[in-house]
Amino acid sequence: MSVAGNPLFDLSRDVLDVASRKVTLIEDITRRTKMLAMNALIEAARAGEAGRGFAVVANEVSEISKQVNVVTRDLRSEIVARVDHLMNAGTDMVREMKGKRLADLSLNMIEIIDRNLYERSCDVRWWATDSAVVNCAADPTAAARKHAAHRLGVILESYTVYLDLWICNRAGEVIATGRPNMYPGAIGALVTDEPWFRQALATRDGGEFTVGDVGRNRRLDDRVVATYATAIRRDGEAGGEPVGVLGIFFDWEPQARAVVEGVRLEEGEREHSRCLLVDARHRVIASSDGRGLLSEVVPLRTEGRTMGHYLEPDGRHVAFALTPGYETYRGLGWYGVIVQGKGAGLS
């Protein structure tokens with residue numbers, strides 16, 4: 001809703017227009033009355049003594065005209081001031097309503113992502129207990145690797161949101177994947193330097209998992225992924241010793257794009273709006289206009305708030321909402337952000 005198009009603004013403008021026309025009419029009548037009084041004084045002067053009484057009346061009419069002029073001038077000034085105040089109040093109210101609505105939409109964006117990523121955290125913990133996965137990590141014979149790769153491939157056929165699934169031994173070598181023909185560079189790769197591997201190996205039990213920053217994986221054709229990982233434990237038991245790590249790679253870009261492009265903006269808003277997902281460092285990880293992915297940092301001014309909105313000096317409206325998490329998924333400090341106005345650019 002634009003400020004100039006809201007009912008309160010329009011009503012205030014109509015009141016000012018009507019009042020201005022009526023005041024102008026009064027001023028016109030007062031001018032004519034003053035002219036009549038002046039003419040009456042002239043005629044009274046010509047009549048001499050006989051016109052003295054008429055001159056008194058004419059002077060009184062002239063004085064009243066002056067008083068009406070003063071009242072009219074004050075009335076016009078007061079009406080303009082009051083209506084201007086009403087317009088400003090209306091503008092502030094509409095901006096506040098608009099900001100809260102955009103913040104709600106930002107929250108909806110991040111909540112959709114939270115629920116999606118909660119499912120990913122469940123997937124990795126569940127699949128790490130699969131017997132084929134456990135046996136491959138515990139005793140990586142050629143037969144065990146082949147069986148595990150087949151099992152991972154079956155999973156990928158049903159879960160199309162993933163690019164690949166990797167089984168790593170404790171030394172950080174990838175020993176089986178779900179798509180060896182599509183991504184041959186993954187087999188035999190060392191991932192010991194990857195934070196997700198080290199953190200997964202250090203998890204305390206089967207209920208824990210780790211999440212890597214959204215980024216490009218060069219062994220998966222440089223695609224943008226969200227990486228989830230957990231330790232594979234002996235016998236698939238939650239308290240078993242780690243025998244390897246399962247890493248799963250969520251095909252981030254198309255899934256996140258669907259969320260930011262699916263925000264329910266009002267008609268006419270989309271061309272000057274930008275819907276974003278940003279990580280804890282305020283780095284853009286999804287954008288409705290396709291710009292800035294993994295390269296742009298949003299100068300977000302939260303001022304300690306988990307949800308809110310504010311105006312930039314150039315008139316852009318910025319709304320944001322911090323991830324609330326979902327179920328056992330606590331969130332990663334990400335934000336949903338909507339920017340409107342002035343081309344909605346942030347840089």
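We did not get these values from a lab; they are worked out from the coordinates using the rules stated. On a predicted model such as this, the values are computed, not experimentally measured, just so you know. Neighbour counts run over all protein chains shown; Cβ positions are idealised from the backbone, glycine included.
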Table column - 3J(HN,Hα) (Hz), segment 107-112, Karplus curve with 6.51, -1.76, 1.60, x for Gly and Pro
5, 4, 4, 6, 5, 4
Using the Karplus curve 6.51 cos²θ - 1.76 cosθ + 1.60 with θ = phi - 60°, work out ³J(HN,Hα) for each residue of segment 277-282 in order, rounded to whole Hz, and write x for Gly and Pro.
10, 10, 8, 5, 8, 6
Once amide H atoms are built 1.01 Å from N in the peptide plane, which residues 5 or more positions from R179, or in another chain, come under 5 Å H to H?
L165
Students often check this: by mean Cβ neighbours within 10 Å, which of 211-223, 229-241 ranks highest, and how do the rest follow?
229-241, 211-223
So, in nm, how far is label E327 from label N69 when the simple model puts each one 7 Å beyond its Cα toward the Cβ?
8.1
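Which of the peptides 125-136, 170-181, 185-196 is most tightly packed, and how do the rest follow, going by the mean number of other Cβ atoms within 10 Å of each residue? If you can, show how the numbers build up before the last one.
Details: 125-136: 20.6, 170-181: 18.9, 185-196: 15.2.
Put in order of decreasing packing, that is 125-136, 170-181, 185-196.
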Residue by residue through segment 154-162, what is 3J(HN,Hα) from phi via Karplus (6.51 cos²θ - 1.76 cosθ + 1.60, θ = phi - 60°)? Round to whole Hz and write x for glycine and proline.
4, 4, 5, 5, 8, 10, 6, 7, 9
Sites matching trypsin sites (Lys or Arg not before Pro) across segment 288-347 that sit in DSSP coil, with at most 16 neighbouring C-beta atoms within 10 Å:
R291, R301, R305, R330
